[in-house]
1. By accessible area of protein heavy atoms, probe 1.4 Å, what ranking do SER258, SER56 get, highest first?
2. Would you work out which of LEU254, ALA164, THR135 lies farthest towards the positive end of the dipole of the stretch 113-257, given +1 charges on the beta-carbon of Lys and Arg and -1 on that of Asp and Glu, about the Cα centre?
3. Could you work out how much longer the chain between THR151 and ARG101 gets when fully extended? Use 0.36 nm per residue separation minus the Cα distance between them, nm to one decimal.
4. Counting pairwise Cα distances across the chain, what percent come out greater than 28 angstrom?
5. Give me D for the stretch 58-198 in µm² s⁻¹, whole number, from Stokes-Einstein with Rh from the Kirkwood sum over alpha-carbon pairs, 4 °C and 1.567 mPa s.
6. Report the percentage of all Cα-Cα pairs in the stretch 124-195 whose separation exceeds 21 Å, rounded to a whole percent.
7. As an exercise, take the mean of 1/r over every pair of distinct alpha carbons in the stretch 192-258, invert it, and state the Kirkwood radius in angstroms.
8. Kindly state, to the nearest 0.05, the FRET efficiency for VAL175 paired with ALA271, given R0 = 41 Å and r defined as their beta-carbon distance.
Amino acid sequence: MFTDDLLKGKRILITGGGTGIGRAMAERFLQLGAIVFICGRRAEVVQKTAQELSASTGGTIEGFPCDVRYPEDVEPLIEQLWAKGPLDVLVNNAAGNFLARTEELSPHAFDAVISIVLKGTINMTLACGRRWLATKRPGVVLNIATTYADTGSAFVVPSAVAKAGVVALMRSLAVEWGGRGIRFVAIAPGAIRTEGAFSRLLPTPELEKALLDHNPLHRFGTLEEIANLGAFLISDQAGYINGEMVYMDGGEMLAGSSSFSMIGRRLPDSAWQMMNPKRTKTE
Ligand code: HXC
Ligand code: NAP
């Protein structure tokens, strides 16, 4: 759908790029001429993905271990990348999430998700943003949010809180930094089959079916669809889109708020016990 040089020469960092949606975007951006960097906590995962995508696309990609929660991890990575040339695009894609009843969550459980999703996005955005501003270079930040970022959602509350913060950050900085050449966009995806998301949020065929029944298009989104949407939004062709979140959910939100609010209310107590790692360890 695009000319092969849509992203030619653009240097792009994708957090959580070793798996799932991040990996699919890395592959597509490479096909469109970008130079791609991916990071994640597991060095072996990002390095294997980088090797595979380099071989399959012939493009330039490198993988780095980096935990987005910690500025002391983020700063050296960004410094290392900038030493070879400034980034043009940052994709905040790394996330953590699980389905749980909120009253059963420990403080650590809340913190685990908020630290990855919200603090990680803040750490990365500031590390890149400060460098773009200091050198008067343009930049683009794409945030992968969720459909429930604007509405909240039962049973994924740490994620809902964190993603709402990500969207607030994006909209705020779109105004504060827009005039200085930094553009912000976001995607709110509906369900797209990835191991990371489906193992934690849709672990049974019954839950998948409930979601498909609820969705007006009765299917999940695809990795190709989100990778192409991401490619467009970060490209110069989307240069006047700033501070906007694009829903890519088959109309799910229009059919009634968050799927997890709907799914969670159908689950019996026994299912919740199965999904809580603390309980399964002790019982
Ligand atoms: C209740 C849970 C829990 C669960 C973990 N915890 N899972 N509590 N129910 N299902 C609690 C633990 O008991 C612990 O608290 C605390 O959370 C931290 O858990 P750890 O395993 O020590 O944390 P960590 O190793 O940092 O792992 C973070 C994680 C994990 C978020 C818990 O799931 C992860 O690494 N996720 C990364 C990938 C991911 O989540 N991908 C899906 C993104 S999909 P205590 O008090 O016991 O120490 C997405 C949108 C999907 O975001 C929308 C689909 C439509
Ligand atoms: P995924 O494969 O689990 O991706 C999450 C990635 O984040 C992993 O590669 C993980 O790698 C990385 N990550 C987690 N914590 C990190 C940290 N502290 N530092 C650096 N990297 C970290 O799941 P996905 O489905 O592709 O999700 C990608 C994005 O899409 C997320 O923002 C998610 O919220 C969003 N989303 C997904 C769906 C869906 O249906 N799939 C729907 C809506 C929104 P490590 O574990 O190696 O760190």
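1. The residues order as SER56, SER258, largest area first.
2. Towards the positive end, the residue furthest out is THR135.
3. Details: separation 50, 0.36 × 50 = 18.00 nm, distance 1.77 nm.
Stretched fully, the THR151-ARG101 segment lengthens by 16.2 nm.
4. That tail contains 34 percent of the Cα-Cα pairs.
5. Numbers: Rh = 16.0 Å.
This corresponds to a translational diffusion coefficient of 81 µm²/s.
6. Working: 852 of 2556 pairs.
Pairs farther apart than 21 Å: 33 percent.
7. Values: mean 1/r = 0.0733 Å⁻¹.
For the stretch 192-258, the Kirkwood estimate is 13.6 Å.
8. Numbers: r = 43 Å, r/R0 = 1.06.
Working from the Cβ atoms, E equals 0.40.
The values are calculated or read from the model by the stated rules, or taken from the named source; none is laboratory data. Fair warning: this is a prediction, and the values are worked out from it, not measured in the lab. Virtual Cβ from ideal backbone geometry, glycine too; neighbours counted across all protein chains shown. All accessible areas refer to the heavy atoms of the entire protein, side chains included, with ligands and DNA or RNA removed. Shrake-Rupley method; radii C 1.70, N 1.55, O 1.52, S 1.80 Å.
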